[in-house]
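Structure first, commentary second.
FYI, it's all coordinate maths here, none of it is from the lab. Remember, it's a predicted structure, so these values are computed and weren't measured experimentally. Here Cβ is always computed from backbone atoms with ideal geometry, including for glycine, and neighbour counts include all displayed protein chains.
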Amino acid sequence: MLSFDFAYARGSFHLDARAELAGGVTGICGPSGSGKSTLLLLIAGLLKPQSGQLRMDDEVLVDRARRVFVPAWQRHFGLVFQDGQLFPHLSVRDNLLYGHARLPPERRLLTFDTVLQLLEIGHLLERRPALLSGGERQRVALGRALLYSPRLLLLDEPLSSLDERLKQQILPFLKRVKDETRIPMLYVTHARAEVEFLADRVLLMERGRLGDETARIPANA
């Protein structure tokens with residue numbers, strides 16, 4: 001269970017968001033500039049809210065009134081950006097294993113071979129990111145996040161930089177990740193069709209406000 005109720009301001013932009021989310025995939029949908037990515041960065045710990053709280057299960061990650069703020073590296077969340085942000089000087093293999101190799105074996109939820117098969121990226125292992133297509137980079141970025149064995153996966157418009165053909169390639173992989181790993185996810189996008197394909201529920205965001213109304217998506221969508 002992820003719950004948050006916090007406020008954040010930067011210049012003239014103000015964000016005020018609250019929600020309680022169970023497992024599965026939660027889509028956060030809204031127009032550009034509505035605050036979707038800012039919300040994800042606040043949850044990840046890459047931004048600090050001016051007020052409010054954030055909890056994951058029984059752990060308090062943020063409580064500004066009590067001066068509690070768990071840094072991003074201690075939250076053990078996976079984050080996938082729209083451009084992948086792979087390490088350009090490392091091979092695909094080393095990118096994938098970057099976080100995985102630093103985990104104690106008992107904390108690893110997925111094996112290296114499982115992720116290679118799930119995302120069909122075994123043939124890319126010796127390449128550098130510059131030699132990958134956009135779709136391949138996103139699959140590798142997703143694989144790196146999964147091998148970190150996160151307790152929550154945050155996806156920030158992961159398909160927005162891809163053309164329609166590549167989007168149709170990646171969406172089935174994301175669906176497989178959802179179905180086979182059961183890792184809870186927050187999926188941020190302005191494309192309603194993506195969350196309707198993937199999400200169990202959709203929260204609407206506009207002008208820094210997260211809508212209370214939750215749009216339920218059929219289980220077989």
Under 5 Å from the placed amide H of residue 47, counting only residues 5+ away or on other chains, we find 42
Dividing the Cα radius of gyration by the Kirkwood radius, what Rg/Rh value follows for region 127-215? 0.98
Under the rule of at least 5 residues apart or a separate chain, name every residue whose amide H is placed under 5 Å from the amide H of residue 80. 154, 155, 156
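Between residue 22 and residue 85, what length in nm is gained on full extension when 0.36 nm per residue of separation is reduced by their alpha carbon distance?
19.9 nm
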Let me have the 222 nm mean residue ellipticity of the chain computed from DSSP H runs of 4+ only, each contributing -39500 (n - 2.57), with the sum over all residues rounded to the nearest 500. -9000 deg cm²/dmol
Region 1-71: C-alpha gyration tensor shape, a/c 1.5 cut-off, then a/b vs b/c: oblate
Return 68, 188 ranked ascending by Cβ neighbour count within 10 Å, so the fewest neighbours appear first. 68, 188
Any residue on another chain or 5+ positions along whose placed amide H is under 5 Å from the amide H of residue 28 is listed here as 187, 188, 189, 203
Just going by the charge dipole of the chain, with Lys and Arg at +1 and Asp and Glu at -1 on Cβ, which of 85, 141, 50 is farthest out on the positive end? 50
Which ³J(HN,Hα) values in Hz, rounded to whole numbers, follow from the phi angles of region 96-104 under the Karplus curve 6.51 cos²θ - 1.76 cosθ + 1.60, where θ = phi - 60° and Gly and Pro get x? 4, 8, 4, x, 4, 5, 8, 8, x
Which of 83, 200 has the fewest other C-beta atoms within 10 Å, and how do the rest follow up to the most? 83, 200
Hz values of 3J(HN,Hα) by residue in region 5-21 - Karplus curve (6.51, -1.76, 1.60), Gly and Pro given as x: 7, 8, 10, 8, 9, 9, x, 8, 8, 10, 10, 9, 9, 8, 6, 10, 10
Neighbour-count order for 26, 111, fewest beta carbons within 10 angstrom listed first: 111, 26
Restricting to bridges with both residues inside the chain, how much of the DSSP beta-bridge set is antiparallel, in percent to the nearest 5? 60
Cα→Cβ-extended label distance, 7 Å offset, between residue 108 and residue 9, nm: 4.8
From the backbone phi of region 122-127, what are the Karplus-calculated ³J(HN,Hα) couplings (6.51 cos²θ - 1.76 cosθ + 1.60, θ = phi - 60°) in whole Hz, Gly and Pro given as x? x, 6, 9, 4, 8, 7
